[in-house]
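Asks: The structure follows.
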Amino acid sequence: MKRIEAVVPSARLERAFAALKELDLGGITYFESKGRGEIPRQKVHSGRGTSTYTPEFNVNSTIVVVVPDSMADKVIDKILESTSSGLKGEGKIFVSNIDDVVDVGTKKRGESAL
């Protein structure tokens, strides 16, 4: 099994969800995250709009899915198709091995718990 964590711009999160929905995954987790990479940070108006500042971090979203090994490339391809415009610094996808999964409700283990 593989754990896929994709850090993408928050503005592209809905497109990623729509693409992943086509794969009929068992579940998807996401959370808002902040980070600093190659994408320039946008200036933000503060107070009454009379001044601006540049935040230290960009606002991103991190998508986490755990899938059987056979689905990992399909998930990665869908994320890339839906979120990448080809520019440097748009995010990262991390892939790691998962030794075991336990479903809390059914107590199933392994791939059947997905």
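Each value in this text was obtained by applying a stated rule to the coordinates, not by laboratory testing. As the structure is a prediction and not an experimental result, all values here were calculated from the model. Don't worry about glycine lacking a Cβ; one is built from the backbone with ideal geometry, like all the others, and counts go over all protein chains shown.
Asks: May I ask which residue of Met71, Ser82, Phe57 lies farthest towards the positive end of the charge dipole of segment 2-113, with charges of +1 (Lys, Arg) and -1 (Asp, Glu) on Cβ and the Cα centre as origin?
Replies: Going by the charge dipole, the pick is Phe57.
Asks: Which residues in segment 74-113 place their backbone N less than 13 Å from a point set 7 Å from the Cα of Thr54 along the Cα-to-Cβ direction?
Replies: Within reach of a label on Thr54: no residues.
Asks: Only helical DSSP H runs with n ≥ 4 go in: add -39500 (n - 2.57) per run for the chain, normalise by residue count and round the 222 nm mean residue ellipticity to 500 deg cm²/dmol.
Replies: -5500 deg cm²/dmol
Asks: So, one more: If the only charges are +1 at each Lys and Arg Cβ and -1 at each Asp and Glu Cβ, what is the size of the charge dipole of segment 2-113 around the Cα centre, to the nearest 20 debye?
Replies: 500
Asks: A follow-up question, please. Output the 0 to 90 degree angle, nearest 10, between the alpha-carbon long axis of helix 72-83 and the longest principal axis computed from the alpha carbons of the chain.
Replies: 20
Asks: Moving to a separate point now. Decide, for the chain, between rounded, prolate and oblate: order the square roots of the alpha carbon gyration tensor eigenvalues as a ≥ b ≥ c, take rounded if a/c falls under 1.5, and otherwise choose prolate if a/b is larger than b/c, else oblate.
Replies: The shape class here is prolate.
Asks: Please tell me which of these pairs span more than 22 angstrom C-alpha to C-alpha: Lys2/Lys88; Lys2/Lys78; Lys2/Lys108; Lys74/Lys108; Lys21/Lys88?
Replies: Lys2/Lys88; Lys74/Lys108; Lys21/Lys88
Asks: Further question on the same structure: I'd like the FRET efficiency for Arg36 and Ile93, computed as 1/(1 + (r/R0)^6) with the beta carbon distance as r and R0 of 22 Å, rounded to 0.05.
Replies: That gives a FRET efficiency of 0.80.
Asks: Fully extended, how many nm does the chain gain between Asp69 and Phe17 (0.36 nm per residue separation, minus their Cα-Cα distance)?
Replies: The span from Asp69 to Phe17 would gain 16.7 nm if fully extended.
Asks: Could you pull out the longest piece of the chain with no exposed loop GluC sites (Glu not before Pro) in it, calling a site exposed if DSSP puts it outside H, G, I, E, B and it has at most 13 other Cβ atoms within 10 Å?
Replies: Formally, the longest exposed-site-free interval is 57-114.
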